[in-house]
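Visitor: Once you've had a glance at the structure underneath, I'll fire off some questions.
All of the numbers you see were taken from the coordinates with simple rules; none came from a lab. For clarity, every value in this text was computed on a predicted model and none was experimentally measured. With ideal geometry, Cβ positions are generated from the backbone for all residues, glycine too; neighbour counts draw on all protein chains shown.
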Amino acid sequence: PVHRAWWKESNVYQIYPASFKDSNGDGIGDIPGIVSELDYIAGLGVDIVWLCPCYKSPQVDMGYDISDYKDIYEKYGTLSDIDDLISGLHKRGLKFLMDLVVNHTSDQHPWFQSSISSKDSPYRDWYIWKKPRYAADGSRQPPNNWASHFGGSAWEYDANSDEYYLHLFAKEQPDLNWENPKVVDAVHDIMRFWLDKGVDGFRMDVINYISKEPAMPDAPITIPGNRYQSGHMFYANGPRLHEFLQGLGSILKEYDAFSVGEMPRVYDPTEIIKAVGFDRNELNMIFQFEIVNLGHGPTGKYSPGTWTLTELKKIVNKWEAFMEVNDGWNAIYLENHDQARSVSRFASDAPKVRKVAAQMLATFLGFQSGTIFVYQGQELGLANVPKTWGVDKYRDLESLNNYEEHAAAGASKDVLDSILSEMQKKARDNARTPMQWDTTAYAGFSSAAPWMDVNEDYKEWNAKAQVNDTSSVYAYWQSIFHLRREFKDVLVYGTFSLVDALNESVFAYKRVYGSSEALIVASFKDTEIKWTVPQEYVKPGKILLTNYDRSDIAGEIVLRPFEAFILLI
Ligand code: TEU
Ligand code: CA
């Protein structure tokens, strides 16, 4: 028996502030721009809006490097603009989710500025400092072999104090030391500041990295030949994680606030249930990475990789099953600001099938058990950047660092071309191009040249063309949200199970609640295929939604390219 909760019945829309809507013609999205599009968002039928970081920041990592948690990045607006955003959302019955980035700060944060100024600073112990190691030849080395997520060592040397500080991401993103109770208090204080302002919850950035194994030993070699190795076994779900999460959870509970934690590199169900079990008082749900890591190659994200539909089924089924059995809850997503566009990656953006392909993925995703997260532009079927883009058009430090590292090491043109081609498939930049509003210059995003180029397909693929078209991807998502509300028992609270699990072309599943049952069918093939409807479904039902025209199913049917439907019995 699953507990009911408002956040289980909600659907979330994610906004990337730099790329949503520019109100003042400086080429950068901003909060007044978001406020001007609240009717568009409400019209989609979502319940919660998650805004990526909008705090004061030097923007080394697009705001995931915060220099003041109680102020707003000047190009995005002011605290009073945020008040307008919150009240505008609340007036429309929508809730507001802030991004909470507290594994690390910016190196420009006053806490770090003080910490690095002297070993005697009262803030020294707010970050993680260690002495150098010395190799046999006498050379100074970082305290261990951990790699940063953005390339190179996870340690940066400070000559002034002859110590290194830890940064799991860029060197401008020093990790906070959660072993220091003052850090924990400061995080609690930040949460209260925003909750008192009316935010309804938080998306918590890499929240499972906050507790590190204090000894910080060398990581085992997982990618031979690399100088630095992933140390995640010593910091993903570290020793004190659940204690820290319960601290955060108790504040959330006071405010009846919502939380979704980002949790990379943890796949053990027991450990996950500890974080999201209904009675654990830690997090409501987490983002897992198994699906979005499909297609990463043997030496990482930018090496070529493949995936199969049965692998995807296994992952979906595993999460659905253990959350159900253990009273946890899923966060369901295919896209966010760190991921490429799903239609390009998991289906096809070829012009002939792009619309049905995006609708097929919506069907696959939108009827699962869990809270659905849709990223800006996903509701329009936006695609990856053009294959013709050179490396100069990319903006993100993750992909650029990787490319430049290989270039500096003397990689051949073929190798660099292959990396660029993998970037076009998987780089975070794919999600960060300006939102496509209409056919006017710069896709109606801005009156000036935007900070990142608009995708060249905007004349055909934009919001204006879709909002009033009942056959659009946007309209399809509207229907999904509407159906999840109308058939809440089965579509939110029903059980999940795969149908025809070994089929490599069709992703089919059923949702069951008492005597109501829904069958969801999604073909991942870009050609027509034959599919035999399982015997148990050869009974009267009603097609609630489909991306082609189909009124019934029986026996062997022909599924058209990326055809999908939901049948209610
Ligand atoms: O991402 C966490 C994370 O693990 C990333 O390395 C992610 O796996 C990567 O982008 C995939 O290629 C979060 C934020 O979502 C991301 O935007 C930030 O850059 C990162 O934390 C640091 O705050
Ligand atoms: Ca602006």
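Visitor: Could you work out the Rg to Rh ratio of the stretch 495-568, with Rh taken as the Kirkwood radius (inverse of the mean 1/r over all Cα pairs)? Please report the intermediate quantities before stating the final value.
Guide: Values: Rg = 11.5 Å, Rh = 12.4 Å.
Expressed as Rg/Rh, it is 0.93.
Visitor: In addition: Along the charge dipole of the chain, Cβ charges K/R +1 and D/E -1, which of I223, A443, T470 sits furthest on the positive end?
Guide: Ranked along the dipole, the leading option is T470.
Visitor: Checking the cross-link filter: which aspartates and glutamates have an alpha carbon closer than 16 Å to that of K542, excluding same-chain neighbours under 8 positions apart?
Guide: E486, E517, D552
Visitor: For the stretch 1-83, report the convex hull volume of the alpha-carbon atoms normalised per residue, in Å³, without decimals. Before the final figure, lay out each step's value.
Guide: Working: hull volume 10.2 nm³, N = 83.
Per residue, the Cα convex hull of the stretch 1-83 comes to 123 Å³.
Visitor: Given R₀ = 51 Å, FRET efficiency for A408-E9 by Cβ-Cβ distance, to 0.05?
Guide: The computed FRET efficiency comes out at 0.50.
Visitor: I've got another one for you. Helix 473-486 against the longest principal axis of the chain: what's the angle in degrees, Cα atoms only, rounded to the nearest 10?
Guide: Here the helix axis deviates by roughly 80 degrees.
Visitor: Additional query: How large is the charge dipole for the stretch 451-511, taken about the Cα centre, if only the Cβ atoms of Lys, Arg (+1) and Asp, Glu (-1) carry charge, to the nearest 20 debye? Write out the running numbers ahead of the final one.
Guide: Values: 7 positive and 9 negative charges, 92 e Å.
With Lys and Arg at +1 and Asp and Glu at -1, about 440 debye.
Visitor: So how much slack lies between S505 and D327, counting 0.36 nm per residue of separation and subtracting their Cα-Cα distance, in nm?
Guide: On the way: separation 178, 0.36 × 178 = 64.08 nm, distance 3.10 nm.
Taking S505 through D327 to full extension adds about 61.0 nm, to one decimal.
Visitor: Now a separate question. Straight-line reach only, C-alpha to C-alpha below 20 angstrom: list the lysines that K464 could link to, leaving out same-chain residues fewer than 8 apart.
Guide: Correct list for K464: K21, K355.
Visitor: Amide H neighbours of K95 under 5 Å, at least 5 residues apart or on other chains, H built in the peptide plane: list them.
Guide: Under 5 Å from the amide H of K95: I48, V49.
Visitor: Using amide H atoms built 1.01 Å from N in the peptide plane, name the residues 5+ places from Y55, or on other chains, whose amide H lies under 5 Å from its own.
Guide: Y73
Visitor: Cα axis of helix 354-366 to longest principal axis of the chain: angle in degrees, 0 to 90, nearest 10?
Guide: The helix 354-366 is inclined about 80 degrees to the chain.
Visitor: Okay, next question. Volume per residue, Å³, of the convex hull around the alpha-carbon atoms of the stretch 110-166? Write down the numbers at each step before the final one.
Guide: Values: hull volume 4.8 nm³, N = 57.
Residue-normalised Cα hull volume stands at 85 Å³.
Visitor: Treating only the Cβ atoms of Lys and Arg (+1) and Asp and Glu (-1) as charged, compute the dipole magnitude of the stretch 110-166 about its Cα centre; round to the nearest 20 debye.
Guide: Numbers: 6 positive and 7 negative charges, 23 e Å.
Roughly 100 debye, rounded to the nearest 20.
Visitor: In the calculated pair distance distribution of the chain, what percentage of Cα-Cα distances lie above 42 Å?
Guide: On the way: 31655 of 161596 pairs.
Across the chain, Cα pairs with separations above 42 Å total 20 percent.
Visitor: Go through the stretch 73-167 and name the GluC sites (Glu not before Pro) that are in a DSSP coil and have 11 or fewer other Cβ atoms within 10 Å of their Cβ.
Guide: Working: sites: E74, E156, E163; in loops: E74.
Filter output for the stretch 73-167: E74.
Visitor: Let me ask something else. So what's the angle, to the nearest 10 degrees on a 0 to 90 scale, between helix 241-254 and the longest Cα principal axis of the chain?
Guide: 70 degrees
Visitor: Just how large is the dipole of the stretch 293-442 about the Cα centre, in debye to the nearest 20, putting +1 at every Lys and Arg Cβ and -1 at every Asp and Glu Cβ? Please report the intermediate quantities before stating the final value.
Guide: On the way: 17 positive and 18 negative charges, 91 e Å.
For the stretch 293-442, the charge dipole is close to 440 debye.
Visitor: Okay, next question. Å³ per residue of the Cα convex hull, for the stretch 281-345? Please list the in-between numbers first.
Guide: Working: hull volume 7.1 nm³, N = 65.
Hull volume normalised by residue count: 109 Å³.
Visitor: Continuing with this model, one more query. Output the pairs from K387/K413; K95/K425; K130/K171; K426/K525; K253/K318; K313/K459 with a Cα-Cα distance over 26 Å in this structure; if there are none, say none. It would help to have the intermediate numbers written out before the result.
Guide: Details: K387/K413 17 Å; K95/K425 33 Å; K130/K171 15 Å; K426/K525 21 Å; K253/K318 29 Å; K313/K459 35 Å.
Over 26 Å apart, Cα to Cα: K95/K425; K253/K318; K313/K459.
Visitor: Tell me the relative contact order for the chain as a rounded percent, counting alpha carbon contacts under 8 Å between residues six or more apart. Provide the component values of the computation, followed by the final result.
Guide: On the way: 1188 pairs, mean separation 75.3, N = 569.
So the answer I get is 13 percent.
Visitor: Modelling each spin label as a point 7 Å along the Cα-to-Cβ direction, I'd like the N281/R192 distance in nm, to one decimal.
Guide: Those two pseudo-labels are separated by 1.7 nm.
Visitor: Further question on the same structure: Taking 2.2 N^0.38 Å as the expected size of a compact globular protein, what ratio does the Cα radius of gyration of the stretch 336-444 give against it, to two decimals? If you can, show how the numbers build up before the last one.
Guide: Numbers: Rg = 15.6 Å, N = 109, 2.2 N^0.38 = 13.1 Å.
Against the empirical 2.2 N^0.38 Å value, I get 1.19 for the stretch 336-444.
Visitor: From the helices alone, meaning DSSP H stretches of at least four residues, give me the mean residue ellipticity at 222 nm for the chain, per-run term -39500 (n - 2.57), in deg cm²/dmol to the nearest 500. All intermediate terms of the calculation are to be shown ahead of the outcome.
Guide: Working: 16 runs with 162 residues, N = 569.
Taken over the chain, the calculation gives -8500 deg cm²/dmol.
Visitor: Report for the chain the percent antiparallel among DSSP-assigned beta bridges with both residues inside it, nearest 5. Don't skip to the end; give the middle numbers.
Guide: Working: 40 of 67 bridges.
Around 60 percent of the beta bridges assigned by DSSP in the chain are antiparallel ones.
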